[in-house]
Amino acid sequence: MHIAVIGGTGLIGSQVVRDLDAAGHRAVPHSQSTGVDVITGEGLDAALVGADVVVNLTNSPTFDDASPAFFRTSMDNLVTAARKASVGHFVVLSIVGVDQVPELDYYRAKTLQEDILKAGPVPYSIVRATQFMEFVDAVLSWTADDETVRLPRTRLQPVAAADVATTVAEIASGAPLQHTLDLAGPEAYPLDELGRITLRAKGDGRSVTTDDTAGMFAAVDGDVLTPKSGARIAPTRYTDWLAQRS
């Protein structure tokens, strides 16, 4: 199959391209660096010529109230180009529980992205993943100083980017789901405990203070960001993933 991977040079996209190529498909990465701009539409029509599938892994440059405009414009352009090219399958990567956190601008924006895809003319699949293990350090940095990291007790079930890429590649090479697949790592943790595990593994002497008002995830109630029954559970455990990077 000829699969156009938009955002194909990033953390997930580069691994999706690798996995698809290894499976015998022709996966072509596209991004601004290759002359494809999802906001202006430059290069999109040419990128999708002959494509059986398009995988959209682009992301908003910000997580604030500018993000809905990014996803609306990029999806309108991509759906239009996919229809013109007679693409048979459109895959988007989203977030588990994304439609349950309207308090977060970025999550509202990702929900909008899903809604545009569902309402469009191209058969689709949506893969919703939990938070990537690779992003835990960034989450800790939002509320950290030289001595303390403040974190809420929000439950997360982190997943390795490699496992996300494997699943996206599998879905992209199959028939359109016409629905959403949830994907999560094998273990859930309160975010404050996840922070303690991470700091210990890195030999970081800072302490974690539980603060349910700290950071972006303070807006999330309960276990909204963990998967419900029927989700696919990826194999990589967070502690094993950490150990490989120590």
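Values quoted throughout were computed directly from the atomic coordinates according to the rules given, and no laboratory measurement underlies them. Keep in mind that what you see is a predicted model, and the values were worked out from it rather than measured. As a convention, Cβ positions derive from the backbone with ideal geometry for all residues, glycine included, and neighbour counts pool all protein chains shown.
Table for the structure above
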read-out	value
Share of alpha-carbon pairs per 10 Å distance bin for region 107-207, given as whole %	13, 36, 28, 16, 6, 0
Helical contribution to [θ] at 222 nm, DSSP H n ≥ 4, -39,500 (n - 2.57), averaged over the chain, rounded to 500	-10500 deg cm²/dmol
Computed P(r) (all Cα pairs; the chain; 10 Å bins; percent)	8, 31, 35, 20, 7, 0
Unit charges at the beta carbon, dipole of region 2-244: most positive-side option, Val149, Phe70, Gly120	Gly120
3J(HN,Hα) from dihedral phi, region 62-73, Karplus parametrisation 6.51/-1.76/1.60, rounded to Hz, x for glycine, proline	9, 9, 9, 6, 7, 5, x, 5, 4, 6, 5, 5
Region 46-104 pair-distance distribution - Cα-Cα, 10 Å bins, rounded %	20, 47, 26, 8, 0
³J(HN,Hα), Karplus 6.51/-1.76/1.60, whole Hz, each residue of region 236-246, x for Gly, Pro	6, 7, 4, 5, 5, 4, 5, 4, 5, 9, 7
